[in-house]
1. Over the Cα atoms of segment 32-262, what Rg and Dmax result, in angstrom?
2. Distance cut-off 19 Å, Cα to Cα: go down the list 50/244; 168/227; 71/244; 47/233; 138/227; 213/244 and report the pairs above it.
3. Grab the alpha carbons of segment 198-238, take their convex hull, and tell me the volume per residue in Å³.
4. What are the ³J(HN,Hα) couplings of segment 209-224, residue after residue, when phi is run through the Karplus curve with 6.51, -1.76, 1.60 and θ = phi - 60°? Round to Hz, x for glycine and proline.
5. In square nanometres, what is the average projected area of the Cα convex hull of segment 123-257?
6. Around residue 170, which amide H atoms from residues at least 5 apart in sequence, or from another chain, sit under 5 Å from its own amide H, with H modelled in the peptide plane?
7. Would you please put 134-141, 206-213, 47-54 in order of how densely packed they are, using the mean number of other Cβ atoms within 10 angstrom per residue and starting with the highest?
8. Take 82, 133, 197 and order them by how many other Cβ atoms sit within 10 Å, fewest up front.
Amino acid sequence: MKKIIVFSLLAAMFTSGAASAKEAAPPAGLKTSSLSIVIDDFGNNMKGTKEMLELPIPLTVAVMPLMETTKQDAELAHRLGHEVIVHMPMEPVSGKQSWLGPGAVTTGLSNEEIRKRVEEAIDSVPFAVGMNHHMGSKATADERVMRVVLTVCRERGLYYLDSRTTPKSVVPELAEELGVPYLENELFFDHVYTTQHITKQADQIMRRLKTDKEIIAIGHVGISGNKMVDVLKEYIPLYLDEAKAVPLSDIIPEFELVNERLE
């Protein structure tokens, strides 16, 4: 089940304004379910990049830091109305080091070096308002490592999306302790790189939209990028019949409110 954890401080700061908005009943016929589609692996001139960004719904675009097209992809995504987050490379339990890219967070690094890499990553991705991880099954299960990562997110005003690449993730407990807005991925579209599998996952989302208030799902550009675009083009009209397509920050009301007041 997806979890959303928001700063308790924020709730206290803005209770009166937020409460009045929440108490208002939605107009008849208004869609009350929300679907947030996150697309990972931008930033390295990956297959499907342009086509994905041209889809007619707001996406949450996770951009790899310090890569060939990091700045270009983040700026284009922002200009086209998508939300930008940092797709932070982190150490997996298994996999090639070369898959991580530059500036990766690994469990052998000192606290100081982890902080330095996370700060450099955030600085390299324009318009980022959040973070999730690239790979990361080992790093996100390490309490010391993630305490540093999430502390930097708190200091820089970013929310954190746990991609859930391991059931051993320590992110939920630490995010709550540190006061970092936190969300959790519920489904990967394309962990199997076939159109048949992506369509199967898209169908699952369609069924869940009829009962679930909020759904978060992750897809990718790159190997499966063009297939993802083709399936989403087919399913977006169906999704919009059932729900609103929103960026992640829209389902963290207090986070959105604070960022508006800080602008």
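1. Calculated on Cα positions, Rg and Dmax stand at 16.5, 49 Å.
2. 50/244; 168/227; 71/244; 138/227
3. Cα-based convex hull of segment 198-238, divided per residue, equals 62 Å³.
4. Each residue's phi maps through the Karplus curve to give 4, 6, 10, 8, 6, 9, 9, 10, 9, 10, x, 9, 8, x, 3, 9 Hz.
5. Average projection, Cα convex hull of segment 123-257: 9.1 nm².
6. 141, 142
7. Top of the packing list down: 134-141, 47-54, 206-213.
8. Sorted ascending by nearby Cβ count, the order is 197, 82, 133.
Values quoted throughout were computed directly from the atomic coordinates according to the rules given, and no laboratory measurement underlies them. This is a predicted model, so every value here is computed, not measured. When we count neighbours, we look across all protein chains shown, and the Cβ atoms used for this are built from the backbone with ideal geometry, even at glycine.
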